[in-house]
Amino acid sequence: MKKINFYENARKILSNPTVVEAVQKATMHALEKRRQTIARIPDFEELRDKARTAKEEILRDFDGYLEKFKENARKNGFVIHEAGDAREAREIILQIFKERNVKLAVSSKSMTQEEIEINPFLEAHGIKKYETDLGEFIIQIAHQKPSHITAPAIHLTRREIARLFNEKLGMEYTEEPEELTKFARNYLRKKYFEADAGMSGANFLIADTGSFVVVENEGNARMSTTLPPLHVAVTGIEKLIPSIKDLPVFLKILAPSSTGQHQTVYTNIFSQASKDHEVHIVLIENGRRRMLNDPVLREALMCIRCGGCSNVCPIFQLVGGHAYGSVYSGPIGIIWTYAIFGPDVAKELPFASTLCGACYEICPVRINIPRILLELRRRVIERTGGKLEEKALVGLWSQLMTKPVLNKLGFHLASKIQGIFKKDDKLTHLPFVFSNWTKWKDIEPFPGKSFRELWKERKNS
Amino acid sequence: MRVLLFPTCLVDHIKPKIGFDTVKLLEHFGVEVEVPEKPSCCGQIAFNVGYWKDAKEMARAWLDVYDVPGFDYIVAPSGSCVHMIRENYEILFKDEPKTLERVHRIKSKLYEIVEFLTKVLKVKEIPSTFSGKVTYHASCHYLRGLGVKREPKEFLKNLKNADFIPMDLEETCCGFGGLFSIKFPDLSYNMTKRKAESIKNTHADFVTSSDLSCLMNIGGVLSRLGLKIKPVHIVEILAEGLEDEKD
């Protein structure tokens, strides 16, 4: 994967007001719904603590719980596969499909499947896979990537979707959401019955029962996973929770944090395979063990993929997920992208935050995202040395602040020469890297004397 | 009670008036204030963009200036700088037990000005007046970092003649983010513009905050957009109507 140019992507998106408006509207709407919903859950804060504790317990004995899950899952008749990376995962899935002569597959929404880029791979091997989640279906026919962890088509407006359905599927042009949904529903309905295999992700892997959970709103996951004779679930190993007793806690925090619903419409718990219905679970490692062994990054493994941090992030609200250039977008997505795709690909991403802390405040499992971003920034600067002008700026400031003589001289000089950059008593066109500021913003001129100097004068007078 | 004032690097070099207004507030409540001769910066500007070596240098120099005997408290007119010292110095010096000792010692004495007035001096109300419509921007590190939400707004509401009007995006970041604003100017500007619109919708004459950094950023855009709303630090508002003790 090539280096992700976050700022370049973001600037392109900023020049497209339709996307900016669509993302802003959708994220603000989700936040407002969340606010209303959690106001009616009196123990929401305790539920967050309980969920956090359960995830901490998983991290305390990760391998123990993973083994327990695998053992119990096998007892349920599930076939367990383990993939070290995305390539291995793709090969495993292809192998399963080939052995059973699968030509057509349907799938519910899964970010892990996006992570391993399974669709183009299967397509290249003559296997057609249909996305059945409405948002995923839309971006599949648009040949785009998801722009939000839980709402993949958040960047598209109703009009754009109407045009897409008209052009790609031959539907008569309408912007009515009900009509569009009905059309997609009818279109996909046939596929469930024709499909040789159904695929899904997993929201939770329950260690003590060996069962797994898929939550959804459209009923498409239920149909994808039960109508075809074969179900392949693709999931990251971090989705573990210790016990089925913990599940209600997670279900109670997931939907409110994500869409602002009290509960998702459907909660599917898979607990048994049968003779005429095979269930395979592909457990994917792909960088997660590296996170587990990293004292700072490991906290991010607790993420339950609610997308709340994206909704609340003022940068995400402006540019949406595509700016992040990765399947995982938004604040937590930065961390995941860095961990999975490596520091060279993701070296610009940790800086794509003002560290405002809104993500930490909203995170249902209280992941300290700003703290992790700070650490990643430190690592990037340590690896790359930092950009020259930025390094010079920081170095200069450090000198000015630690050397009193330089301080006096520097600011005295600045106040003397600033006149040439002044217009109407404001600095409006500064040189060097400061021009990045005055491109959009004015700044007050430096006063001739510092507070300390003035203080001393006043005391002595 | 003796307080050593940490004016912060921005106030010191860009808007000394905020320093004097902080002193005025403190002296009004009977506090004796001293100001160090040496300049100092908490180091946040370097720390937040990953230059921890430079951050350490500034933080160490800061500790040398402020970890001195003879003062009961250290007070600063900035939520962000206090947050840096209180929360991040421990990360920065995690491998230096001796420095950590100094950090712990100083942490318990360090307060942001409104925090100091309400928590330490137990001030309920500032006996002052301010005429004008004013709206409040909650700086991120003050609100979510230090957890101060209600107190500054209570002070503003209770000022005689002041007309406090909250804005809808009060708790949304203004887009400054230190060097973020220099690294990603177009993004920063668009965030600030959104904030400016929220401020404009209140029809306030003034926008105030605990942090000069946010106000410089917001003010820079208000000015560029030709809006006449004035950015003022919260101590400027609180101190304006107070009798000057020394006069």
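At 222 nm, what value in deg cm²/dmol follows for chain A if DSSP H runs of at least 4 each add -39500 (n - 2.57) and the sum is divided by all its residues, to the nearest 500?
On the way: 22 runs with 235 residues, N = 461.
Value at 222 nm, helices only, nearest 500: -15500 deg cm²/dmol.
Where does helix A:177-194 land angle-wise versus the long Cα axis of chain A, in degrees 0 to 90, nearest 10?
Its long axis makes an angle of about 50 degrees.
Which whole-angstrom value gives the distance between the alpha carbon centres of the range A:282-332 and the range B:1-53?
37 Å
Taking neighbour Cβ counts within 10 Å as the exposure measure, how do A:Asp61, A:Asp424, B:Asp12 sort from fewest upward?
Working: A:Asp61 13, A:Asp424 7, B:Asp12 26.
Ascending Cβ contact count within 10 Å gives the list A:Asp424, A:Asp61, B:Asp12.
If Rh is defined by the Kirkwood formula over all Cα pairs and Rg also comes from Cα, what ratio Rg/Rh do you get for the range B:2-120? Write out the running numbers ahead of the final one.
Numbers: Rg = 13.7 Å, Rh = 14.4 Å.
Value, to two decimals: 0.95.
Determine, for A:Trp397, B:Trp62, the number of other Cβ atoms within 10 Å of each Cβ, and report the residues in order from fewest to most.
Details: A:Trp397 20, B:Trp62 26.
Lowest to highest Cβ neighbour count: A:Trp397, B:Trp62.
At what distance in angstrom do the alpha carbon centres of the range A:360-414 and the range A:96-111 lie from each other?
48 Å
Using +1 at the Cβ of each Lys and Arg and -1 at the Cβ of each Asp and Glu in the range A:389-460, identify which of A:Leu413, A:Leu396, A:Trp455 lies farthest towards the dipole's positive end.
Checking the options against the dipole of the range A:389-460, the answer is A:Trp455.
About its Cα centre, how strong a charge dipole does the range B:129-240 have in debye, to the nearest 20, once Lys and Arg get +1 and Asp and Glu get -1 at the Cβ?
Dipole about the Cα centre, nearest 20: 160 debye.
How tilted is helix A:86-99 with respect to the longest principal axis of chain A? Cα atoms for both, answer in degrees (0 to 90, nearest 10).
Roughly 10 degrees between the two axes.
Would you please put B:206-216, B:176-186 in order of how densely packed they are, using the mean number of other Cβ atoms within 10 angstrom per residue and starting with the highest?
Values: B:206-216: 26.2, B:176-186: 21.8.
So the peptides B:206-216, B:176-186, ranked by packing, come out B:206-216, B:176-186.
If we count other beta carbons within 10 Å of each Cβ, what is the order of A:Ile372, B:Ile91, fewest first?
Working: A:Ile372 24, B:Ile91 14.
By the 10 Å Cβ count, ascending, the order reads B:Ile91, A:Ile372.
Compute the angle between helix A:17-38 and the longest alpha-carbon principal axis of chain A, please, reported from 0 to 90 degrees and rounded to the nearest 10.
70 degrees
Using the structure shown, list the pairs from A:Lys387/B:Lys56; B:Lys15/B:Lys153; A:Lys426/A:Lys456 with a Cα-Cα distance above 25 Å, or answer none.
Values: A:Lys387/B:Lys56 19 Å; B:Lys15/B:Lys153 23 Å; A:Lys426/A:Lys456 27 Å.
Result: A:Lys426/A:Lys456 exceed 25 Å.
Of all the C-alpha pairs in the range B:81-195, what % are more than 19 Å from each other? Intermediate results must be reported in sequence, preceding the final value.
Details: 3986 of 6555 pairs.
In whole percent, the long-distance tail amounts to 61.
In Å and whole numbers, how far do the C-alpha atoms of the range B:129-240 stretch along each principal axis, longest first?
42, 33, 23
A:Met171's amide H: which non-local residues (gap 5+, or another chain) put their own amide H closer than 5 Å, with H modeled 1.01 Å from N in plane and none for Pro or chain starts?
Hits under the 5 Å cutoff: A:Asn166.
Can you tell me which of A:23-35, A:427-439 comes out highest on packing, and rank the rest after it, using the mean Cβ neighbours within 10 Å? Write out the running numbers ahead of the final one.
Numbers: A:23-35: 17.7, A:427-439: 15.5.
So the peptides A:23-35, A:427-439, ranked by packing, come out A:23-35, A:427-439.
Could you work out the mean count of beta carbons from other protein chains within 10 Å of each residue's beta carbon in A:348-355? Intermediate values should be presented prior to the final figure.
Working: counts 2, 0, 2, 8, 5, 4, 14, 11.
The per-residue average across the peptide is 6.
Provide the three semi-axes, in whole Å and in decreasing order, of the ellipsoid equivalent to the protein assembly as shown as defined by the square roots of 5 times the Cα gyration tensor eigenvalues. Write out the running numbers ahead of the final one.
On the way: eigenvalues 528, 139, 110 Å².
Semi-axes (√(5λ), whole Å): 51, 26, 23.
Chymotrypsin sites (Phe, Trp or Tyr not before Pro), restricted to the range A:95-173: which are DSSP loop and have at most 15 other Cβ atoms within 10 Å?
A:Tyr173
Would you please put B:76-83, A:335-342, A:413-420, A:219-226 in order of how densely packed they are, using the mean number of other Cβ atoms within 10 angstrom per residue and starting with the highest? Present the calculation step by step, with values, prior to reporting the outcome.
Details: B:76-83: 28.1, A:335-342: 23.8, A:413-420: 11.2, A:219-226: 22.0.
Ranking the peptides B:76-83, A:335-342, A:413-420, A:219-226 by packing returns B:76-83, A:335-342, A:219-226, A:413-420.
Let's test this: bin the Cα-Cα distances of the range B:1-52 at 5 Å from zero up to the farthest pair and state each bin's percent.
Spelled out bin by bin, the range B:1-52 gives 5, 19, 24, 20, 15, 9, 6, 3, 0 percent.
Binned at 5 Å from 0, what are the whole-percent values of the Cα-Cα distance distribution for chain B, short to long?
1, 6, 14, 18, 19, 17, 12, 8, 4, 1, 0
Among residues other than A:Lys3 whose Cβ falls under 11 Å from its Cβ, what is the net charge (Lys/Arg +1, Asp/Glu -1)? Intermediate values should be presented prior to the final figure.
Numbers: positive: A:Lys2, A:Lys347; negative: A:Glu8, A:Asp344, A:Glu348.
Taking every Cβ under 11 Å from that of A:Lys3, the sum is -1.
Using a 10 Å cut-off around each Cβ of peptide A:357-365, what is the average number of partner chain Cβ atoms that fall inside? Display every interim value, and only then the final one.
Details: counts 7, 6, 1, 2, 4, 0, 0, 0, 0.
Partner-chain Cβ atoms within 10 Å, mean over residues of A:357-365: 2.
5 Å is the cut-off here: which amide hydrogens, built 1.01 Å from N in the peptide plane, fall below it relative to A:Ile149, excluding neighbours closer than 5 in sequence?
A:Ser329
Cα-Cα over 31 Å: which of A:Lys408/B:Lys200; A:Lys245/B:Lys119; B:Lys17/B:Lys195; A:Lys391/A:Lys423; A:Lys75/A:Lys103?
Numbers: A:Lys408/B:Lys200 38 Å; A:Lys245/B:Lys119 42 Å; B:Lys17/B:Lys195 25 Å; A:Lys391/A:Lys423 29 Å; A:Lys75/A:Lys103 29 Å.
In this structure, A:Lys408/B:Lys200; A:Lys245/B:Lys119 lie more than 31 Å apart at Cα.
Treat every Asp and Glu Cβ in the protein assembly as shown as -1 and every Lys and Arg Cβ as +1, leave all other atoms uncharged, and give the resulting dipole magnitude about the Cα centre to the nearest 20 debye.
Working: 102 positive and 92 negative charges, 152 e Å.
Dipole about the Cα centre, nearest 20: 740 debye.
Mind listing the Cα extents of the range A:162-214 along all three principal axes, in Å, largest one first?
Principal-axis extents of the range A:162-214 (Cα, largest first): 50, 24, 15 Å.
Using a 10 Å cut-off on Cβ to Cβ distances, tally the other chain neighbours for every residue of B:216-223 and report the average as a whole number. Write down the numbers at each step before the final one.
Values: counts 5, 3, 1, 5, 10, 3, 2, 8.
Per residue, the average neighbour count from other chains is 5.
Using only the alpha-carbon atoms of the range A:317-358 as identical scatterers, what base-10 log of I(q)/I(0) does the Debye formula give at q = 0.19 Å⁻¹?
Calculated log10 I(q)/I(0) at the listed q: -0.49.
Just want the answer: with Cβ charges of +1 for Lys and Arg and -1 for Asp and Glu, which residue in B:Gly132, B:Leu5, B:Cys214 is farthest toward the dipole's positive end in chain B?
Looking along the dipole axis, the top candidate is B:Cys214.
Read-outs: derived from the displayed coordinates by stated rules, not from any lab. Not measured: the values here are computed from a predicted model. Methodologically, a virtual Cβ is constructed for each residue, glycine included, from the backbone with ideal geometry; neighbour enumeration extends over all protein chains shown.
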